[in-house]
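Everything on this sheet refers to the single structure shown next.
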Amino acid sequence: MSLAVQIDQNGGPEQLKLVDVTVGQPGPGEIRIRHKAIGLNFIDVYQRSGLYTLPMPLKLGMEASGIVEAVGEGVTHLKVGDRAAYASQPPGSYCEERVMPAKCVCKLPDDISFETGAAMMLKGLTAQYLLLKTRPVEGLKAGDHVLFHAAAGGVGLIACQWGKALGFSMIGTAGSDDKCKLALANGAEYCINYSTEDFLPRVKEITGGKGVKVVYDSVGKDTWDKSLECLRPLGLMASFGNASGAVAPFAPGMLGAKGSLYVTRQTLFSHITTRESTQAMANDLFAVVQSGKVKIHIDQTFPLAQVKEAHIALEARKTTGCTILTL
């Protein structure tokens, strides 16, 4: 038996409940893992609220770390007793133990803690595919300005540090002066408090009126229109979340009028469809963390039994960096 968090219908944090579930043996291509720590992400809120529709009852959670307890037929990259971490579908990491597909589970290096492993996989792999694989048509080089919204969040703090290590001039936005200070201490060259300042004229000022080559945006509705205005001709708008709500439909012709802009909507799970791609991305993440160039900030910790409180804090924008659930 395993304790797990489940919802029976979409709604607020009050829908989250702890249930006992039976954990069986892994089948072909699967493993059974006992968790040590679990990551909390905004995609969990989307799934709980119904913004992303999934069948009910639904067990939540997309990342965790732990010890491999059993290995199914055909799994060769993991063995019983391995330390492991993952960001993976289907949801279900909010639990003590589970059976799951092995292809997105990676061996966790001995010098990276379980807590760090649980906090960094989904957010760190997201930063990897954004900065290294989702680039404007003219490319990115050292000194280029990059606009990254929610720079004090879990993905943002990793991306600002990683972007700085790559030589980019990271322009962050955040919702308070304290969050801006945090982003500035973690790789952002500039950070704009969007609750007190219009980020569009400030970005134009920083870039000498040229605009940025790329905007990475997980906020959605509230930042979309002005983010497009921040782009230089042939710039890329890379959307990867909807924290403020979904972006309204728009006419593609307006992209031409604004300078032949590119728009993409990215998801991590398009990038980790194979064992090989997952491991290659994880290798980049492990290496940059082991080098010390990127530090994983775990700023909030909740016991699994307090998962409702964790969701409330996340939705209220009271969190910074990464949040984990402990067992």
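None of the figures in this text is laboratory data; all of them are computed from the coordinates on show. Remember, predicted model here, so these are calculated numbers, not experimental data. All Cβ positions, even for glycine, are placed from backbone atoms using ideal geometry, and neighbour counts span all protein chains on display.
Numerical summary
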quantity	calculated
Segment 135-265 - share of DSSP beta bridges that are antiparallel (%, nearest 5)	0
Distant-in-sequence amide H partners of ALA64 (H built 1.01 Å from N, under 5 Å)	GLY39, TYR86
Relative contact order [Cα under 8 Å, 6+ residues apart], segment 135-265, whole percent	22
Convex hull per residue volume in Å³, alpha carbons only, for segment 135-265	92
Mean Cβ neighbour count within 10 Å, used as a protection proxy, ranking 62-70, 164-172, 146-154 highest first	146-154, 62-70, 164-172
Inter-centroid distance (Cα atoms) of segment 39-111 relative to segment 135-161, Å	27
Rg [Å, one decimal], Dmax [Å, integer] - segment 74-209, C-alpha atoms	18.1, 57
Full-stretch length increase - LYS293, ASP198 - with 0.36 nm per residue and alpha-carbon distance subtracted	31.1 nm
Lys pairs under 19 Å by Cα in segment 135-265, provided they are eight or more residues apart or on distinct chains	15
Among ALA243, ALA257, ALA118: highest mean-square fluctuation, GNM of the chain, C-alpha pairs under 10 Å	ALA257
Simple Cβ-charge dipole of the chain, Lys/Arg +1 and Asp/Glu -1, about Cα centre, in debye nearest 20	600
Among PHE250, PHE302, PHE114: highest mean-square fluctuation, GNM of the chain, C-alpha pairs under 10 Å	PHE250
Label of the coordinate-derived value, Rg and Dmax of the Cα atoms in Å, listed as (1) 18.7, 59; (2) 27.8, 105; (3) 19.7, 60	(3)
DSSP-defined antiparallel bridges as percent of all bridges, the chain, nearest 5	55
Given charges at Cβ of Lys, Arg, Asp, Glu: the chain dipole, positive-most of CYS95, LEU58, PHE114	PHE114
